[in-house]
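The structure appears below as structure tokens.
Any read-out appearing in this document is the output of simple, stated calculations on the displayed coordinates, not a laboratory observation. Just so we're clear, the structure is a prediction, and the values are computed from it rather than from any experiment. Cβ atoms come from the backbone with ideal geometry, glycine included; neighbour counts cover every protein chain shown.
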Amino acid sequence: MSKISPSKGAPYARIMGVGGYRPTRVVPNEVILETIDSSDEWIRSRSGIASRHWASPEETVAAMSIEAAGKAIADAGVTPEQIDAVIVSTVSHFKQTPAIATEIAHGIGAGKPAAFDISAGCAGFGYGLTLAKGMIVDGSAGHVLVIGVERLSDLTDLTDRATAFLFGDGAGAVVVGPAKEPMMGPTVWGSEGDKAQTIRQTEPWTAYRDGGRPEKFPAIAQEGQSVFRWAVFEMAKVAQQALDAAGIGPADLDVFIPHQANMRIIDSMVKTLKLPESVTVARDVETTGNTSAASIPLAMERLLATGKAKSGDTALVIGFGAGLVYAATVVTLP
Amino acid sequence: MAATQEEIVAGLAEIVNEIAGIPVEDVQLDKSFTDDLDVDSLSMVEVVVAAEERFDVKIPDDDVKELKTVGDAADYIAKHQS
């Protein structure tokens, strides 16, 4: 057996910079009420959502990603040429081939990085972070761009009063690079495929080929109560495991950035986790809606931009959603 | 030892009070969680999980939909508690 040279990676990895892009059009609940029989009060009490951003035809998955990535690269203090890999998590880019990551990599002027898409729903950002960390420590990449991007308005049934108000569009990006000390904890992640039906696309794309035109364009549907129970009580356990794995006690934690699915889930998770009041909690869902893979980096960017969190803070991030899949980890904020 | 119906209703009243802020005395057997007590579908999940812990029962998602009144929940718990 020939001897293979060992990898020469960095000892550790860290998030170096973050950037976000929110579409120009702000959609308040009043617009949602044009197509469902509900009320602003009902929507706010069930979800905490007051408004969300919806992308215009020009604000494509690639265009939003390139904007967010440019900001993250600038925030990280690196150049596009230093990006060795681009990981894009999305469920709402409607052309599978080629991966949208290659167009985004080209769009930011990154040279010839490795570029690929992943599909892990609302946990996609955490999955991407975990891959990026491995690539940096392994020596496969010096700097990795991780993007979560969605146009969920394209997958929303505006006549479904249980989901019409939930979703929004946007892109969030981070640059992950080398670190001298641990600044990203172990990831606690997994999947529960027995619950695959609780969050799902209503029709496969092939329904258009095989059976003519379905009555409605495919959309995301969910079993609200089942998802709520899983998200609050099972994900609180996962979040606790991520804290334990990183050796972080409640008093050491500065910021909690859960996936921005619903304010009720966030509030109940905070209660279940018994987080001290000193912990800053991301509540970006109020004005952004649920943007799936984009929600955590968007919320992170806003907390830092508004001064509610600061560089060097210790943050617990947890994504969870369709699959069902989840990923939680503790990171040092850039 | 299994809880009596009286104890179950008292326990549910405490849970509903803590989660939804409904006065304990309003939580009566014939009261509907949604229509009378203003416990919405998501709070109902929290009530169910708290009841599972308190009374050592499992209440699967499919069964939660059948628990319309406090009496329904009390009967279910009485029947399924170990």
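Quick check: net charge around residue A:94, other residues with Cβ under 14 Å of its Cβ, Lys/Arg +1 and Asp/Glu -1? Taking every other residue near residue A:94 into account, the sum is -4. Each label point was placed 7 Å from the Cα along the Cα-to-Cβ direction; for residue A:200 and residue A:30 their separation is 3.8 nm.
Can you give me the orientation-averaged projected area of the convex hull built on the Cα atoms of the stretch A:12-179, in nm²?
Numbers: hull surface 39.4 nm².
Directional mean of the projected Cα hull area for the stretch A:12-179 stands at 9.8 nm².
Work from the charge dipole of the stretch A:123-194 (Cβ charges, +1 for Lys and Arg, -1 for Asp and Glu, about the Cα centre) and give the residue of A:174, A:127, A:159 farthest towards its positive end. The one lying farthest along the dipole's positive direction is A:174. Applying 1/(1 + (r/R0)^6) with R0 = 35 Å to the Cβ-Cβ distance of residue A:119 and residue A:56 gives a FRET efficiency near 0.90.
Evaluated over the Cα positions of the stretch A:20-76, the convex hull gives a direction-averaged projected area, one quarter of its surface, of 5.1 nm².
Filter the GluC sites (Glu not before Pro) in the stretch B:6-82 down to the DSSP loop ones having no more than 16 other Cβ atoms within 10 Å, then list what survives. Could you put the intermediate results ahead of the total?
Numbers: sites: B:6, B:7, B:14, B:18, B:25, B:46, B:52, B:53, B:66; in loops: B:66.
Hits after loop and neighbour filter: B:66.
What is the Rg over Rh value, at two decimals, for the protein assembly as shown, using alpha-carbon atoms and the Kirkwood definition of Rh? All intermediate terms of the calculation are to be shown ahead of the outcome.
Numbers: Rg = 22.7 Å, Rh = 22.5 Å.
We get a ratio of 1.01 for the protein assembly as shown.
Given +1 at the Cβ of Lys and Arg, -1 at the Cβ of Asp and Glu and no other charges, the dipole of the protein assembly as shown around its Cα centre is 2040 debye to the nearest 20. Where Rh is the Kirkwood radius over the Cα pairs of the stretch A:188-332, the temperature 10 °C and the viscosity 1.306 mPa s, what D in µm²/s does Stokes-Einstein return? Answer, rounded: 98 µm²/s. The charge dipole of the stretch A:12-179, taken about its Cα centre with unit charges on the Cβ of Lys, Arg, Asp and Glu (plus for the first two, minus for the last two), comes to roughly 440 debye.
Could you tell me how many cubic angstrom of Cα convex hull volume chain B has per residue? Walk me through the numbers on the way to the answer.
Values: hull volume 6.2 nm³, N = 82.
With only Cα atoms used, chain B gives 76 Å³ per residue.
A simple charge model with +1 on the Cβ of Lys and Arg, -1 on the Cβ of Asp and Glu and nothing else charged puts the dipole of the stretch A:281-326 at about 80 debye relative to its Cα centre. Between residue A:161 and residue A:308, the modelled labels are 3.0 nm apart [label points 7 Å from Cα along Cα→Cβ].
Which helices of chain A meet both criteria: a Cα extent of 18 Å or more along the helical axis and a mean Kyte-Doolittle score no lower than -0.5, with helices taken as whole DSSP H segments?
Working: long enough: A:61-76 (22 Å, 0.97); A:124-138 (21 Å, 0.79).
Passing helices, by number: A:61-76, A:124-138.
For a quick protection proxy, order the peptides A:286-296, A:193-203 by their average other-Cβ count within 10 Å, most packed first.
Per-residue Cβ counts within 10 Å, averaged per peptide and sorted highest first, yield A:286-296, A:193-203.
Panel values: the stretch A:1-109, Kirkwood radius from alpha carbon pairs, Stokes-Einstein at 4 °C and 1.567 mPa s, translational diffusion coefficient 74 µm²/s.
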